[in-house]
Amino acid sequence: MPSMKQYLALAGLVISLPVSAMDAIKSNQPVLIDGRPDDAVWQRAEWHPLNHHMIGSLPSAEDFSGKFKVAWDNNKLYLVAEIIDDVLSDTHPDPYDRYWDDDTLEVFIDEDASGGNHLHSYNAFAYHIALDGNVADFGDEQENGVVLLNEHVQSVWTRQTEAPFAITWEVAIDIYDDNFKRHQNHSPVKLTANKVMGFMLAYCDNDGSPEREHFLGSHEITPRSGDKNLGYIDASVFGKLRLVD
């Protein structure tokens, strides 16, 4: 996570926008979030790789590899991710403290695909889903810090007990627009076919160091500054997700 000084330097730069786009197929019924992706929609959905390097060194396949699928119904966005990770690390039990330096599945959502800054607003969301299920992001300017948005995301993960220790995450996400305020009644957006949202998936991988060693994403980010860790700041670096029947 860059410092505020680094953020201010990045904010004035023109960023090369991604061309990445993918489709999410519709589920005919709500997906059961149990970490076992045997719902009918997962048999039809396409795998996408989680292999674009953003921070740290590029891991070997034995250290980390990942892939994911995306689906939707009128009420939620769903995803399943399969992660091969030789070490799971969660050394920051306080969900407000350096959650990005633990093993974390990170889902970036921009409901109207408008792009732009969201560091201290709900123009877009960067849901950091911790191993203990807490979901952290930065709040708006009035909140001025980290907030928990656990009510937005339901997640369950399971892990194989024999090598290569594949971890399966299953996630359901309520989608909110940029009018969201945490302390006001605000209903999730109803999803419809042909809707396009900003979307990116990433994984913070820590093998026991003070900081994460690797940060892998769903598509390439090519900023002029050379720093690829911009998703938590700027929704313009997200890809596009189309909802299809």
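The values are calculated or read from the model by the stated rules, or taken from the named source; none is laboratory data. For clarity, every value in this text was computed on a predicted model and none was experimentally measured. As a convention, Cβ positions derive from the backbone with ideal geometry for all residues, glycine included, and neighbour counts pool all protein chains shown.
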Report summary line: Given (1) at pLDDT below 90; (2) out of contact with any Leu (no Cβ under 9 Å at 6 or more places or on another chain), Phe64 misses just (2)
**Report entry** Evaluation of Ser27 against (1) at pLDDT 90 or above; (2) closer than 25 Å to Tyr232 by Cβ (one fails), failing number
**Finding:** (2)
Report summary line: His92 vs (1) surrounded by 22 or more Cβ atoms within 10 Å (Cβ to Cβ); (2) touching a Lys or Arg at 6+ places or on another chain (Cβ under 8 Å): all pass except (1)
Query - Selection count, the range 140-166, where residues are more than 15 Å from Ala124 (Cα to Cα), surrounded by 11 or more Cβ atoms within 10 Å (Cβ to Cβ) and either out of contact with any strand residue (DSSP E or B) (no Cβ under 7 Å at 6 or more places or on another chain) or free of Cβ contacts under 8 Å to residues at least 40 places away in the same chain (or both) - result: 3
Requested in this report: With respect to Ala130, determine if the residue is under 16 Å from the mean Cα position of the chain (by Cα), within 25 Å of Arg44 (Cα to Cα) and not basic (Lys, Arg).
Outcome: no
Query raised in the report: Are there any pairs, at least 6 apart or on different chains, whose C-beta atoms fall under 8 Å, with the first in the range 186-214 and at positive phi and the second part of a loop (DSSP other than H, G, I, E, B) and surrounded by 12 or more Cβ atoms within 10 Å (Cβ to Cβ), and if so, which?
Result: Gly208/Val87; Gly208/Ser89; Gly208/Thr91
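Residues checked against (1) in contact with a helix residue (DSSP H, G or I) (Cβ under 7 Å, 6 or more places away or on another chain); (2) part of a loop (DSSP other than H, G, I, E, B); (3) at pLDDT 90 or above; (4) closer than 26 Å to Ala45 by Cβ:
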| residue | (1), (2), (3), (4) |
| --- | --- |
| Glu143 | no, yes, yes, no |
| Val147 | no, no, yes, no |
| Trp169 | no, no, yes, yes |
| Ser187 | no, yes, yes, no |
| Ala193 | no, yes, yes, yes |
| Gly198 | yes, no, yes, yes |
| Gly231 | yes, yes, yes, yes |
| Ser236 | no, no, yes, no |
